[in-house]
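None of the figures in this text is laboratory data; all of them are computed from the coordinates on show. Bear in mind the structure is a predicted one, so any value in this text is a computation, not a measurement. All Cβ positions, even for glycine, are placed from backbone atoms using ideal geometry, and neighbour counts span all protein chains on display.
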């Protein structure tokens, strides 16, 4: 597809990526929805509904993914149209959503204080995470660059204050064992 491809071609790519994500997670054995049924929001990051419902506190980090991906695609692929950069960003997000539900990543998360019971995402939650990324990407396209940074910091700050986690803290925990951070996160009580 070229920069002049009709928008419907990019829309078809986006739908194909989301369908691939859903099918792959299904084949990996992830449930379509939570065992207790579908709800809009899962408020407790330690609860059985976390990563199972349409949205949860980690949805904020997927919006931040979108803010970051917009900036990166604008920096490295400035001539690509918005829809092409969105499709590229979604491809990266879909790859992450699939990787996040592998035994290796699930095991790595379980070693973290807030994710001891993590069993992966429901398909609905995972697809919602991708939609949240696309939302962040779209928001970033309409904001000045500095406002996107402020929004990302605000979303990360809210998650850190409310649930003692977020994208940056999650990445830190994933990369290295930091006992002080683990101790602070273990003190979370909903």
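Observations, loosely collected:
- Estimated from the Cβ-Cβ distance and a Förster radius of 35 angstrom, the FRET efficiency linking residue 171 and residue 5 is about 0.55.
- Neighbour counting of Cβ atoms within 10 Å sorts the residues 150, 131, fewest neighbours leading, into 150, 131.
- For the chain, alpha-carbon Rg relative to the globular expectation (2.2 N^0.38 Å, N residues): 1.04
- In the chain, the longest principal axis of the Cα atoms and the axis of helix 82-100 are about 30 degrees apart.
- Along principal axes, Cα extents of the stretch 104-156, largest first, whole Å: 38, 23, 15
- Computed over the stretch 20-186, relative contact order equals 32 percent, with contacts defined as Cα pairs under 8 Å that lie 6+ residues apart.
- For 72, 40, the sequence from fewest to most other C-beta atoms within 10 Å is 40, 72.
- With respect to the chain, whose longest principal axis is taken over its alpha-carbon atoms, helix 123-142 is tilted by about 50°.
- Each label was represented as a point 7 Å from its Cα along the Cα-to-Cβ direction; for residue 146 and residue 158 these points are 2.2 nm apart.
- On Cα atoms only, tilt of 7-27 relative to the major axis of the chain in degrees: 30 degrees
- Per-residue Cβ neighbour rank within 10 angstrom, fewest leading, 62, 26: 26, 62
- Label-point gap, in nm, between residue 180 and residue 138 - each point 7 angstrom along Cα→Cβ: 4.1 nm
- Measuring r between the beta carbons of residue 28 and residue 92 and using R0 = 30 Å, the FRET efficiency lands at 0.95.
- Candidates 164, 110, 79, ranked by Gaussian network fluctuation over the chain, Cα under 10 Å, top entry: 79
- Most mobile of 36, 14, 149 in a GNM of the chain (Cα contacts under 10 Å): 36
- Note on residue 108 and residue 12: the extension gain reaches 31.2 nm, defined as 0.36 nm multiplied by sequence separation minus the Cα-Cα distance.
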